[in-house]
Every structure is written in structure tokens, then in C-alpha cells.
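Student: One structure coming up, written as C-alpha cells, with questions to follow.
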Amino acid sequence: MGNVFFWLVQLLLLSLWPVEAMTAQSQEQAPRSSTRSGPVSAPAEPQEEVELVEEIEIVDVVSVEPVATASTSGGMGVSTVVGRFHPALVHLPLAGVVLLALFELLRLGRWGEGLGKASLLLLGFTVLTALPAVASGLLRAAELAGKGARLSQLPAHRAVMLSAVGLAVLALAIRVLKGRNLAGVSRWIYLILVLGAAALVPLGGHLGGKLVYGDNFLPF
């Protein structure tokens with residue numbers, strides 16, 4: 001009976017030994033697996049989506065009407081053609097009034113005794129050639145103003161040249177009315193008018209040159 005009990009105890013121990021061995025083995029492997037796996041990484045945070053916004057610049061489209069020129073209007077008008085002859089037409093009265101002033105100064109002495117008739121003809125020639133020069137200048141100024149050109153010297157140029165022509169016309173009127181009786185006060189008034197016209201012409205020409213070549217073409 002005692003032997004039977006002994007063998008039963010042995011069989012029970014033998015049956016429990018594999019369970020204990022497996023339990024101990026699993027406990028030994030648990031720390032190893034935990035050390036080998038390393039630290040557990042935190043869950044990745046969701047990346048914020050960046051919305052790309054394109055900047056669009058809105059530009060207002062402005063339609064510009066072309067300036068009417070000779071090519072678009074079907075040809076130059078008569079006034080345009082006459083106005084563009086102004087630079088050529090001004091030379092005759094300019095030279096005439098300067099030469100007239102020289103003649104009248106010579107007539108003050110004995111060197112100009114025979115220049116009386118020549119000076120009268122020259123004065124008439126100067127006034128006659130000044131009229132188309134003035135008309136063409138006014139037409140040319142109107143054309144440039146219609147195109148929006150900035151003509152800062154135009155008012156002064158126009159005033160000076162019209163004054164010169166007016167003095168020449170007054171001198172011609174005195175000369176025709178007095179004829180051979182041009183003497184005394186009328187003689188000096190006539191001479192002042194001629195010299196005044198001759199003095200204004202270079203100034204007006206200088207201002208006209210600034211209209212063509214610019215305000216800084218000369219330092220004065």
C-alpha cells in the first residue's frame with residue numbers, strides 16, 4: 001500500500017513538471033522580448049493640410065483710343081499741310097524786318113539817302129510775307145494742341161510774333177499815309193516801330209526754337 005502511494009505521488013509530480021517548466025520559460029522570455037522591442041513609438045500625429053492659395057491680381061483693362069493721324073483719317077487736310085509749312089514761311093519776314101531796320105538806321109545818315117524807296121518796298125514785302133507765316137503758325141499750333149502736345153512756350157511765342165507783326169503793320173500805315181512828308185515826330189514813331197519789330201522777331205524765333213527742340217535746348 002505504501003509503495004502504491006509513493007508511485008502515485010511520483011506520477012503526479014512528473015505530470016506537473018512540464019507545466020511549471022513552460023511557465024518559467026515564458027516568464028524568462030517576456031522581459032527579453034520587451035527589451036528587444038525597444039520603446040514604443042507614439043502614434044503619429046496627423047499632419048495639418050496646408051492649403052495653397054494662389055494670389056491673383058486683378059488688372060483693369062483700359063481701352064485706349066488711337067490718336068487720329070493723317071494715316072488713319074485718310075490723308076492730310078489742307079489746314080494740316082499749310083500749318084506744316086510754318087517753319088519754311090517764317091524765314092522771309094524774319095529776314096525782311098531785320099534788313100528793314102538796317103536800312104532805316106542807314107537813312108539816319110548820309111549813307112542812306114537813296115534807300116527811301118527800297119525801304120518802303122522792303123516794308124511792304126515784310127508785312128505781306130508775315131501774313132501767311134502767322135496763319136500757318138496758328139494752324140500748326142491748333143494741330144499740335146489737338147494731339148495733346150505740351151507746348152509750354154506757345155503762348156509767349158505767339159504773343160511776341162503777333163506783336164512784331166502788329167508793329168510792322170503800324171509802321172507801314174504811317175509810311176503810306178505820310179509818304180514823302182515822313183519827318184519830325186512821325187519819323188521817329190515810324191523808326192521806333194520798325195526797330196521794335198526787329199527786336200521782337202529774334203526773341204519770338206528763339207521761343208519757337210524751344211517749341212521744336214525743347215525748353216533746355218539753350219541755357220537761356
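The values are calculated or read from the model by the stated rules, or taken from the named source; none is laboratory data. What you see is a predicted model, and the numbers here were worked out from it, not measured in a lab. No Cβ is skipped: glycine too gets one built from the backbone with ideal geometry, and neighbour counts run over all protein chains shown.
Student: Tell me the residue from L115, L92, L108, L151 that is modelled with pLDDT of 90 or more and either in contact with a Leu (Cβ under 8 Å, 6 or more places away or on another chain) or not β-branched (V, I, T) (or both), please. Before you say what the answer is, go through the steps one by one.
Tutor: Details: L115 fails: modelled with pLDDT of 90 or more; L108 fails: modelled with pLDDT of 90 or more; L151 fails: modelled with pLDDT of 90 or more.
The match here is L92.
Student: If I filter segment 164-172 for residues that are surrounded by fewer than 19 Cβ atoms within 10 Å (Cβ to Cβ), under 30 Å from T80 (Cβ atoms) and at pLDDT 90 or above, do I get at least one hit?
Tutor: Yes, segment 164-172 contains a residue that is surrounded by fewer than 19 Cβ atoms within 10 Å (Cβ to Cβ), under 30 Å from T80 (Cβ atoms) and at pLDDT 90 or above.
Student: Another one. With respect to R84, is the statement that it is farther than 27 Å from K147 by Cβ and surrounded by 14 or more Cβ atoms within 10 Å (Cβ to Cβ) true?
Tutor: On the way: farther than 27 Å from K147 by Cβ: no; surrounded by 14 or more Cβ atoms within 10 Å (Cβ to Cβ): yes.
Spelling it out, it is not the case that R84 is farther than 27 Å from K147 by Cβ and surrounded by 14 or more Cβ atoms within 10 Å (Cβ to Cβ).
Student: Output the helices (runs of 4 or more DSSP H) that fall wholly within segment 72-190 and possess 1 or more residues being touching a residue at least 24 places away in the same chain (Cβ under 8 Å) and β-branched (V, I, T), or say none.
Tutor: Values: elements: 78-83, 86-89, 91-107, 116-146, 154-178.
In segment 72-190, 78-83, 91-107, 116-146, 154-178 are the helices (runs of 4 or more DSSP H) which contain 1 or more residues that are touching a residue at least 24 places away in the same chain (Cβ under 8 Å) and β-branched (V, I, T).
Student: Which residues, taken from segment 173-205, are under 34 Å from the mean Cα position of the chain (by Cα) and loosely packed, with under 15 Cβ neighbours inside 10 Å?
Tutor: Let us first name the residues in segment 173-205 that are under 34 Å from the mean Cα position of the chain (by Cα), namely 200-205.
Once the filter is applied, which keeps residues that are under 34 Å from the mean Cα position of the chain (by Cα) and loosely packed, with under 15 Cβ neighbours inside 10 Å, segment 173-205 yields only P202.
Student: Of the conditions (1) buried (at least 19 other Cβ atoms within 10 Å of the Cβ); (2) more than 21 Å from L89 (Cβ to Cβ), F217 fails just one. Which one is it?
Tutor: For F217, the exception is condition (1).
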